[in-house]
Every structure is written in C-alpha cells, then in structure tokens.
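The values are calculated or read from the model by the stated rules, or taken from the named source; none is laboratory data. Since this is a predicted model, take the numbers as computed values, not measurements. Neighbour counts run over all protein chains shown; Cβ positions are idealised from the backbone, glycine included. Note: areas computed on protein heavy atoms with side chains; ligands, DNA, RNA excluded. Shrake-Rupley method; radii C 1.70, N 1.55, O 1.52, S 1.80 Å.
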Amino acid sequence: ALELHTLARDLYASVLPGGLAHLSCVEAAELMATDLYDMGRYSEARDMLELLHKQCEAKLGPAHDTTLVTLANLGQCVRRMGDQARALEVARKLLEGRRAALERA
C-alpha cells in the first residue's frame, strides 16, 4: 500500500496545479504516513506528519478538516513513540483547532 500511495502522490504532483501542495497530494501523503505508522516506522511517519501539518496549516488553516486529521495522526504517532509531553502539546493544539472549526460552523 505504501508504494501505491507514493505513486499516487507523485502522479498527482506531476499533473495537478500546485504540485505537492495540492490537496490531493497532501491526502496521498497522509495515507503514506498512515502506512508507515501501521508498519511500525514511527519516526518516518512522525516526520512526514509534522511536515504535512505545517503545509496544511499554512495552506488550509488550523481549523480545516485535513489539518485536524493530520494533527490527530501526529498526536497518535508521538504518543505511540512514548513522547507524552509532545502528545499532550499536540492534543491541546488539536482541541484549539476543533473549537475554532465548531465556532466557524
């Protein structure tokens, strides 16, 4: 599955306006990070999720669904790696984002 998601991301990046910043590429990269997590490759998943979160927050905003999903997955990953302080930090940021999303709705 990782190879298919990598192929999809690269294909999207080559044909869509905005390249890797396009939402379809971001979503494919999110699936790649999930695959890495599922394979126990937590540090690689964390690195990818941190990058994706920064991209999503800058492009889509902190309360966008995709940004929040990426942040939730990052929190799960760092918690699994045993970094409870970082997991708590991410959880607080996720809560702020979800509150902002609800206020907008």
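Quick one: is V78 of a type in the set (A, V, I, L, M, F, W, C) and either closer than 25 Å to L102 by Cα or touching a residue at least 40 places away in the same chain (Cβ under 8 Å) (or both)?
no
Does A45 qualify as being modelled with pLDDT under 85, open to solvent by less than 80 Å² (accessible area, probe 1.4 Å) and either assigned to a helix (DSSP H, G or I) or acidic (D, E) (or both)?
no
Identify, by number, the condition in (1) open to solvent by less than 90 Å² (accessible area, probe 1.4 Å); (2) of a type outside the set (V, I, T); (3) assigned to a helix (DSSP H, G or I); (4) modelled with pLDDT of 95 or more that R98 doesn't meet.
For R98, the exception is condition (1).
Determine which member of the set A29, A8 is assigned to a helix (DSSP H, G or I), crowded, with 17+ Cβ neighbours inside 10 Å and modelled with pLDDT under 80. Spell out the reasoning first.
Numbers: A29 fails: modelled with pLDDT under 80.
Checking each option against the conditions leaves just A8.
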